[in-house]
Ligand SMILES: *Cc1c(COP(=O)(O)O)cnc(C)c1O
């Protein structure tokens with residue numbers, strides 16, 4: 001809890017939330033014996049405005065993420081030029097062209113066929129996108145991502161696509177109110193990354209894992225990039241859930 005004056009509205013809510021997130025990251029790094037510089041804070045701006053992004057940039061953030069190509073296409077041109085953009089939502093092949101044009105990093109590469117389409121569009125646009133391979137470590141049917149065995153099997157074929165720079169792996173942990181419940185999935189992604197790097201004979205430095213609710217556990221398990229939306233920008237509209245489920249924590 002970061003309440004200072006319960007009766008007065010916070011005049012700088014974003015700055016306060018950013019400071020709270022920074023404290024959480026710093027504390028988790030300290031517990032894990034890691035340097036703060038090892039973890040990048042990626043600000044997830046989906047559903048939030050270009051003005052909100054600009055404010056985040058004024059406070060020093062530079063890495064931003066969007067889930068949908070269509071929303072990004074409208075928003076990115078309105079945002080400060082120094083923003084570096086990551087795509088974190090499922091990408092349909094027919095939107096690969098726009099994704100390659102808009103994003104420096106595509107974190108949601110979840111199949112060989114999508115990787116091939118990104119290669120094709122990158123050739124046409126003379127781009128070399130950074131990519132992360134998204135892994136569905138918990139095997140949830142509701143989520144996209146490679147099965148862990150499959151990503152190892154197909155890794156060399158993705159690596160043969162010369163336009164793609166594979167920087168590491170990404171996962172979205174199952175939803176859990178107790179973050180300790182997802183620790184094993186983060187650990188599994190790190191172990192998978194180590195095996196994949198062995199197979200490649202090259203390092204895969206990026207482990208994109210951890211969000212607003214579970215970033216501490218992710219950092220303790222080796223995350224190098226936490227993707228934080230709600231804890232920075234506030235609640236997003238959640239039409240699929242009952243209002244009282246948003247809780248009071
Ligand atoms: C929305 C989203 C996030 C951020 O989630 P919060 O809980 O709001 O921090 C992170 N990663 C992915 C892939 C997302 O879609």
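Just so it is clear, none of the values below were taken in a lab; they were calculated from the coordinates. Remember, it's a predicted structure, so these values are computed and weren't measured experimentally. So basically every Cβ, Gly included, is an ideal-geometry build from the backbone, and we count neighbours across all protein chains shown.
Entry note: the chain has Rg to Rh equal to 0.96, where both radii use alpha-carbon atoms and Rh is the Kirkwood radius. Taking Cα atoms only, the orientation of helix 148-159 departs from the longest principal axis of the chain by about 60 degrees.
Under 8 Å for C-alpha pairs, at least 6 residues apart: give me the relative contact order for the chain, rounded to a whole percent. Don't jump to the answer; show the numbers that get you there.
On the way: 416 pairs, mean separation 46.6, N = 249.
Here the relative contact order equals 19 percent.
On the principal axes of its alpha-carbon atoms, the stretch 169-243 has extents of 48, 22, 21 Å, going from largest to smallest.
With only alpha-carbon atoms in the gyration tensor, what are the semi-axes of the equivalent ellipsoid for the stretch 183-222, in Å, largest first?
Details: eigenvalues 91, 18, 7 Å².
Equivalent ellipsoid semi-axes, largest first: 21, 9, 6 Å.
Just 58, 188, 84 to compare: in a GNM of the chain, with alpha carbon springs under 10 Å, which one fluctuates most? So, out of 58, 188, 84, the one fluctuating most is 58. Its relative contact order, with pairs defined as Cα atoms under 8 Å and 6+ residues apart, puts the stretch 29-116 at 23 percent. A simple spin-label model places pseudo-atoms 7 Å from Cα toward Cβ; at residue 120 and residue 70 they are separated by 2.2 nm.
Which shape class applies to the stretch 1-68: rounded if a/c is under 1.5, otherwise prolate when a/b exceeds b/c and oblate if not, where a ≥ b ≥ c are the square roots of the Cα gyration tensor eigenvalues?
The shape class here is oblate.
Mean-square fluctuations from a GNM of the chain, with a 10 angstrom spring cutoff on Cα atoms, peak among 223, 67, 113 at 113.
Taking the C-alpha atoms only, the angle from helix 183-200 to the longest principal axis of the chain is near 30 degrees.
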